[in-house]
Every structure is written in structure tokens, then in C-alpha cells.
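As C-alpha cells, the structure follows; a few thoughts come after it.
The values are calculated or read from the model by the stated rules, or taken from the named source; none is laboratory data. Since the model is a prediction, treat every value here as computed from it, not as a measurement. Heads up, the Cβs are rebuilt from the backbone with ideal geometry, glycines too, and the neighbour counts pull from every protein chain shown.
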Amino acid sequence: MKFPQPISVDELVRIIGHPVQRMGCVDGPVTGLNEFHSVEKGDVTFVDNDKYYNRVLESDATVIILDKTNVDCPYGKELLFSEDPLMDYLAIVKHFKRYEPQLVSIHPDAVIGEGTVIEPHVFIGRNVRIGCNCIIHSNVSIYEDTTIGDNVIIHSNTTVGGDACYFQKRPEKWIKLESCGSTVIGNDVEVGCNCCIDKGVSGVTYIGDGTKFDNLVQVGHDTHIGKRVLLGAQSGIAGCTYIDDDCKVWAKACVNKDLYIAKNTIVFACSAVDRNVTEEGTTLLGIPAVESAKKWREFAYLRKLSFLFDDVKALKEKMESMENKEGGK
């Protein structure tokens, strides 16, 4: 999320709302806010998990809110020490991204291109841009900060730009990480009925040109789906995953979070991908998904298990019979 205008670190601390210990110094202003996986120079981010400390400190973030004081401040950054970095981060989000109710179906500042058809009962939020020659079918909801290209078809009951399912567990309750990112859909995309495409928590959820969705597809926050990708019915892509161009994810398949899927990968129906796929043209099958030829061999072996069991049972009976004969001598 980019701020409406750059601010100083002093102003950032005032928005947080309580005194914080500071270390380091930045040359320029703070221009935006992001999670560590998508930060850019000028961004503020936070970290409160030991697993990510080095990654965040080495990132492009200009200001980092953190809960440890025994760290060295990298050159060109400023560290803000906090007892609860997440809550301070959320204070900044809520300052710049307050919820504003919308009392009309199509926001007055929405831009809709020439030749685009908007059917009845469609909701279009503020800061939405829809290109030319699109068809938005009835009961579609397009949340704020969404950009849609030309020649896009979105079928009934689909939601574009809803909040991420992103929470941090606390002893007393779950804390929601407020979504302040956006959604971008390219040209010539078709999205089926009852699909859900979540906006980025702080960055962009992106759907590339020519990609096609079947019905009931879920795409998580901050995910990048490349060009000409096919997603089968009831498939699910978790947050912060990058699916490269020309991939196929068939029905009821799922891809876990924070993964990279190389070009031309095929994920067969009902499979579950839990690791990066780095070789282009890989075909995956199973739970967890492995190379399909290997999985088909496993299936063939499984079909032979009952016969193997019968052979082992017969061999055991034969050995027992031989032992009994030897014992009777």
C-alpha cells in the first residue's frame, strides 16, 4: 500500500500513537507500507517472529517495527522497537485505510470502459477501474482498489477483492491483519461462478492476461497467477504463491502458500502441492503431489498388494508345513 503522500518517520511515530525507541536513520521519507515479502524501498514493515528476522532486516524496507533490541541496524534503515509490532503496524493501516460504508451499488468514482456490460445487482466499490468490452454478470461483488482489464468476463456470484483470511493467534483471540492491498485482473480473463479472489494484505493479488477460471475457485491474498493459466473447479491457491505462465491446476487441486510453480506445470485433479516446482513442464499428482509417472507406479504397486499378501500367506503356510514335517521325523 502506498501512502497518499510521503511522510516522515516522526509522523509515522505519531500515527502509531505511543513513544517508541528508535535506532538508525533514513535519508528520505516513508512512502508506503507492506509485509516483508513484498516490501520496496520507502516502505515500513514489521517483524515479530524469530523465523523472519534476518529476512526482514535484509529486505528493502526503509523502516522496520520489531520487538527485539539486541540487533544491529542495517545502513540506511530505521528500526522502531515495540512491545507489539503487529498492533503498531495495524495502527498505521487503519490510519490510512479506514472502512467507509458504501450506500450505492456502483461507486461514483468507479471508471467503466466503453462497451462494458454491468448486469443488475452488481456491486462495484471505490477506486475500481474496469476496461472495455467486459461482461460483469449479476450478483458479482468487486471490492475497492480493483483494476480489471479489457475483454474480461466475470460470472455470477463471484467476489473480487475480498479481505484475506489472515490472522495471528493470541491467547485470548485471533487478531486480524487488515487488508489494505489491491487486486489486478489482466485482459481476456474469464472467471467462473462463485469464485473468490482475495485482495493483497498489503500488496497486489494479480491475475495475468488470458487466464481462465472454472467455478468455485479460491485465490488467496498477494498471489500472482501468470498468463494463460487454467484453474479447474473447486481448486484453491493459497496466499503469496507465484504460479507462472501456462500452468494448469485441475479440479479440486490445491497449492499451498508461499510457493513458486514453474511455467507449464500441470497439477492433476485432487492433488495437493506443498513444495516449490522449479522445473518447467512438470506434471504432478497425489497428496502430497509428486511427479505423475512416479505416482502412477505407486498406484500400480498398490493394486498388487492384495496379490502379494496372498503370496506371502501361501509361502508362510508352506514353510510352517515343512517345519512340521521336519519336527515329526
- Some residue of the stretch 292-302 being among the small types (Gly, Ala, Ser), under 29 Å from Val204 (Cβ atoms) and buried (at least 17 other Cβ atoms within 10 Å of the Cβ): no
- Message: Quick check on my filter: what residues within the stretch 156-172 are at pLDDT below 95, in a loop (DSSP other than H, G, I, E, B) and over 14 Å from the mean Cα position of the chain (by Cα)?
- Response: Arg170, Pro171, Glu172
- Among the residues of the stretch 63-108, which ones are farther than 26 Å from Trp174 by Cα and among the charged types (D, E, K, R)? Asp72, Lys77, Glu78
- Item | Flag for Val219 being crowded, with 21+ Cβ neighbours inside 10 Å, touching a strand residue (DSSP E or B) at 6+ places or on another chain (Cβ under 7 Å) and on the phi < 0 side of the Ramachandran plot | yes
- Item | Matching entry among Val30, Val47, Val39 (being more than 20 Å from Ser182 (Cα to Cα) and β-branched (Val, Ile, Thr)) | Val47
- Does Gly24 meet the test of being surrounded by 15 or more Cβ atoms within 10 Å (Cβ to Cβ) and closer than 30 Å to Tyr242 by Cα? no
- Among the residues of the stretch 257-267, count how many are crowded, with 19+ Cβ neighbours inside 10 Å and assigned to a loop (DSSP other than H, G, I, E, B). 1
- Task: For the stretch 280-309, enumerate the residues that are of a type in the set (D, E, K, R) and either assigned to a loop (DSSP other than H, G, I, E, B) or modelled with pLDDT of 80 or more (or both).
- Result: Glu280, Glu291, Lys294, Lys295, Arg297, Glu298, Arg303
- Message: I'd like to know if the stretch 78-89 contains one or more residues that are of a type outside the set (A, V, I, L, M, F, W, C), more than 15 Å from Ser202 (Cβ to Cβ), assigned to a strand (DSSP E or B) and not assigned by TED's automatic domain parsing to the domain that holds Arg126.
- Response: yes
- Query: Among the listed residues Val111, Val128, which satisfies the condition of being at pLDDT 95 or above and either more than 30 Å from Val39 (Cα to Cα) or crowded, with 16+ Cβ neighbours inside 10 Å (or both)?
  - Reply: Val128
- Lys313 vs (1) outside the structural domain of Lys199 (by TED's automatic domain parsing); (2) surrounded by 18 or more Cβ atoms within 10 Å (Cβ to Cβ): all pass except (2)
- Message: Considering only residues that are surrounded by fewer than 24 Cβ atoms within 10 Å (Cβ to Cβ), part of a strand (DSSP E or B) and hydrophobic (A, V, I, L, M, F, W, C), which ones fall in the stretch 184-213?
- Response: Val184, Cys196, Val204
- Can you pull out the residues in the stretch 251-286 that are of a type in the set (S, T, N, Q) and touching a Leu at 6+ places or on another chain (Cβ under 8 Å)? Thr265, Ser271, Asn276
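For the condition within 25 Å of the chain's Cα centre (by Cα), surrounded by 15 or more Cβ atoms within 10 Å (Cβ to Cβ), more than 22 Å from Phe3 (Cβ to Cβ) and hydroxyl-bearing (Ser, Thr, Tyr), what is the one hit in Tyr89, Tyr53?
Tyr53
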- Note on the structure: Per the filter on the stretch 82-97, residues under 17 Å from Gly181 (Cβ atoms) and touching a strand residue (DSSP E or B) at 6+ places or on another chain (Cβ under 7 Å) are Leu86, Tyr89, Ile92, Val93, Phe96
- Subset of the stretch 270-289 (residues that are β-branched (Val, Ile, Thr), surrounded by fewer than 17 Cβ atoms within 10 Å (Cβ to Cβ) and under 18 Å from Gln234 (Cβ atoms)): Ile287
